[in-house]
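The values are calculated or read from the model by the stated rules, or taken from the named source; none is laboratory data. Bear in mind that the values here come from a model prediction, so they are computed numbers and not experimental data. Positions of Cβ are backbone-derived with ideal geometry, glycine not excepted, and every protein chain shown enters the neighbour counts. Just so you know, the surface numbers come from the protein's heavy atoms only, side chains and all, with ligands and any DNA or RNA stripped out. Shrake-Rupley method; radii C 1.70, N 1.55, O 1.52, S 1.80 Å.
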Amino acid sequence: MPLPELLAPAGSMEAVRAAVQNGADAVYLGFGAFNARRGAKNFSADEMREALAYCRVRGVKTHATVNTLASDREVPTLLADVRLLLEAGVDALIVQDLGAARHIRARFPEAVLHASTQLTVHSLEGARAAKSLGFSRVVLSRELPLEEIRNITAHAGVETEVFVHGALCMCYSGQCGLSAVIGRRSGNRGLCAQPCRLPYGGKNNYPMSLKDLCLLPRLRALCEAGVSSLKIEGRMKRPEYVAIVTGIYAAVLREGRPPTAEEMDTLAKVFSRDGFTQGYLDGKPGPAMFGTRPAVPESGLKPLYDAASRTFAEGQERGRMPVDFAFAAREHAPVELTASDGTHAVRAVGEPAQRAQKRETTAADIEAALRKTGGTPFVARSIRADLDGGLRIAAKQVNDLRRQALAALENERKMAPPVQEAAACDAITTRDTGFVGYTVQVRTMAQLTDAMAKLPVHAFYVPADELARHAARAAQWMEAGCTLIPVLPRIIWDSEQDGVMRQLAQCRELGCRAALCGNIGQIALVQQLGLAAYGDFGLNAFNAATLQTLRELGVRRQTLSYELRLPQMRDMAKPIETELIVCGRLPLMLTENCMMAGKRGGCKRDGRGVCADGAYYLTDRRGARFPVFREEHCRNSLYNSQPLYLEPKEYTGLGIAYARLLFTDESPAQVSRIARAVCNGRQPDFGAPPTRGLYRRGVE
């Protein structure tokens, strides 16, 4: 069974050396404005070229993060960054934005693309969809248990990569709007401020701060599951951290053994939050997964850091690239040494050997000299010495030839392959429908009163499980001429898929003709039932190329990202019908773990389930109250503390076909009152000042 790649983080050239010299098979690095750690130091163009060449010489793969959303106007800059990375020899690009992936494939058809964890790939159909879009690897959501990982890996037809160590976000990656909405620092744009690490409802209450992940004791299980890459988080960590964590994981992985107590203790010392967790891999989220970072005196870590820094000091080499030597010495002919790494071969030539006056040089002498590769990236794999008898070859001459050959081989390995560049993407044609009307989304059928059915609403979005549970009520609405569209959960594990498909089939029997999809893995499932696929905000449609990609996947209507500014929407080509959330609380987080119970444990409050009676509220340090709801399969969704409201004049001229009113914790009477006001062109009374969200101010 081949071992998976060990993929280490690198936020600086020092961290690159730390990862490589401690056993990483690959490193991932950030460059430019389109990586999810824009707040890190990252690399300049020259530093990136140096880092990629350093890794290429040593046989270490390099993956560059191009994993944020890009606007239409930013595409030329993004492609320029990609060109630089490819010309410098990067092995793969980690991409979130479907539009960015489309542009990269069109311009650089030979580029290798990996689907970022920001794409929220968590199912077999999601991985297959990514494959159809040109991704050769998917970085799976951190929340998946081992059985789900094993199933996707076995059947998707693409490589899978999983995180094995480091920080855990509370929210599914790619589905978090908390930092963006409350502070304009978007996680989807690489500037997350981590408000989830703050206390809510009291200074010692951290309902969204998880312990760090440590799957070191589970590496064998992941190897047996067929995972291609094991990923260590930490591009913003210091190089000593990278050295220590990479070195321990490399040793345990290569030696095929359990970790020692000393290794686990070392990992906890260099960084942890009240210890580590394996909860998601075991399918056991809960209070044991929560933790915060205690204060650790830097002085206590100095011996560890000092030892780690010596492993990657300038000039330090572990000798990891195998080289084959062929030495030839013939009487009256120049001495020759050929060095080959299996792909490149170089030759060094020296002065002719002399007749031996005393002791002749043997093949063993030559081999002993050629094995002295210390201080270089190379290690002798095989040595063939072909000598005429009776010759004397000075050791200095052999050493000089070895140094010349290895220097030449290193220069050959530094050279990046040529980049094939094609024309840009075809122009995208706008499908101009003009403004059609309103849609309404509710959480419960109870929010759809009889008065709502009389409003000029194009369609009502209702959770699929609600429609299936209240089939008789839904049938009455359909008979009254109302259009009901089931909303799929944004997360559907493969083990949950059959149940959701049964609900969806019931909705189809009721007369539903479309479904709202929040993930690329759901589009094909909806189409299999003969329903039209509409795309929700979870697909992060941030540019025209993403809309075109979704159109080609079969999406008929797409909700635009609420991180876009209104002028960006206006200028965007729209090849399919588009929709915009214009009223209601914006969704901010979707979690596998429970924000309601948090570290306190147990979904209980006053002897009852916290999630039994609708919304639960998290209160921040300023007193803002954020509603939290239990979703199907006991996931949580967090919504903004303030309701959103845009006036019709702000969106009816943008080329948006539909404007959505999104209702969450409102009572049926409030839903009816607010919807009636909006449909009649009046600003509703929300009981508190509304916000315009990010539509005017945008994100950083």
Problem - Relative contact order for the chain, counting Cα pairs under 8 Å that sit 6 or more residues apart, in percent - result: 15 percent
Completion exercise
Per the charge dipole of the chain (beta-carbon charges, Lys/Arg positive, Asp/Glu negative, Cα centre), the residue among C55, A423, P9 reaching farthest to the positive end is P9
Problem - Eligible aspartates and glutamates near K231 by straight Cα distance, threshold 12 Å, same-chain separation 8 or greater - result: E5, D25, E161
Exercise for the section: At a Cα cut-off below 24 Å, give the lysines reachable from K203, other chains included and same-chain residues fewer than 8 away excluded. Expected result: K211, K599, K604
Practice task
Select from H344, T311, I366 the residue farthest towards the positive end of the dipole of the range 272-375; place +1 on Cβ of Lys and Arg, -1 on Cβ of Asp and Glu, and compute about the Cα centre.
Solution key: T311
Problem - Magnitude of the charge dipole, the range 220-291, Cβ model with Lys/Arg +1 and Asp/Glu -1, debye to 20 - result: 240 debye
Problem - Distant alpha-carbon pairs in the range 8-64 (separation over 18 angstrom), percent - result: 21 percent
Fill in the blank from the handout: To the nearest 10 degrees, the tilt of helix 494-510 (Cα long axis) against the first principal axis of the alpha carbons of the chain is 30 degrees
Fill in the blank from the handout: Excluding ligands, DNA and RNA, the carbon-plus-sulfur percentage of the accessible area of the range 226-350 with a 1.4 Å probe reads 53 percent
Handout entry: Net lengthening on full extension, Q528/A624 (0.36 nm per residue, minus Cα-Cα)
Key = 30.3 nm
Practice task
Sort the range 319-376 into rounded, prolate or oblate with this rule: let a ≥ b ≥ c be the square roots of the eigenvalues of the Cα gyration tensor; rounded if a/c is under 1.5, and if a/c is not under 1.5, prolate when a/b is larger than b/c, oblate otherwise.
Solution key: oblate
Completion exercise
Of every hundred units of 1.4 Å-probe accessible area on the range 134-186, the number belonging to carbon and sulfur atoms, as a percent, is 51 percent
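Sum -39500 (n - 2.57) across every DSSP H segment of at least 4 residues in the chain, then divide by the residue count to get the 222 nm mean residue ellipticity, nearest 500.
Helix contribution divided over all residues of the chain: -9500 deg cm²/dmol.
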Problem - For the range 543-700, alpha-carbon Rg and Dmax in angstrom - result: 17.7, 54
Practice task
May I ask you to compute the full-extension gain from E147 to A472, defined as 0.36 nm times their residue separation minus their alpha-carbon distance, rounded to one decimal in nm?
Solution key: 113.3 nm
Fill in the blank from the handout: Long-range share for the range 342-406, i.e. C-alpha pairs more than 14 Å apart as a percent of all pairs, stands at 61 percent
Practice task
Using only the Cα atoms of the range 409-470, build the gyration tensor, take square roots of its eigenvalues as a ≥ b ≥ c, and label the shape rounded, prolate or oblate: rounded if a/c is under 1.5, else prolate if a/b is larger than b/c, else oblate.
Solution key: oblate
Problem - Those aspartates and glutamates that a straight Cα-Cα span of less than 12 Å connects to K131, excepting residues fewer than 8 apart in one chain - result: E159
Completion exercise
With x for Gly and Pro, the residue-by-residue ³J(HN,Hα) of the range 239-246, computed from phi through the Karplus equation 6.51 cos²θ - 1.76 cosθ + 1.60 at θ = phi - 60° and given in whole Hz, is x, 4, 4, 4, 4, 5, 5, 4
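Using the Cβ atoms and a cut-off under 12 Å, what net charge is assigned to the surroundings of R473, where Lys and Arg are +1 and Asp and Glu are -1?
-2
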Exercise for the section: Mind checking the per residue accessible area of the chain for me, 1.4 Å probe, whole number of Å²? Expected result: 39 Å²
Problem - the chain shape via C-alpha gyration tensor axes, a/c threshold 1.5 - result: prolate
Completion exercise
Given Cβ charges of +1 for Lys and Arg and -1 for Asp and Glu, the option among T433, Q404, W477 whose Cα lies farthest towards the positive end of the dipole of the range 377-483 is Q404
Handout entry: For the range 440-494, size of Cβ-based charge dipole, Lys and Arg +1, Asp and Glu -1, in debye
Key = 120 debye
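Roughly what % of DSSP beta bridges within the chain run antiparallel, to the nearest 5?
Antiparallel bridges: around 30 percent, rounded to the nearest 5.
How much of the DSSP beta bridge set in the range 323-404 is antiparallel, as a percent to the nearest 5? Could the numbers behind the result be given before it?
Values: 14 of 21 bridges.
Antiparallel: roughly 65 percent of the beta bridges in the range 323-404.
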Fill in the blank from the handout: In debye to the nearest 20, the charge dipole size for the chain, taken about the Cα centre with +1 at each Lys and Arg Cβ and -1 at each Asp and Glu Cβ, equals 1380 debye
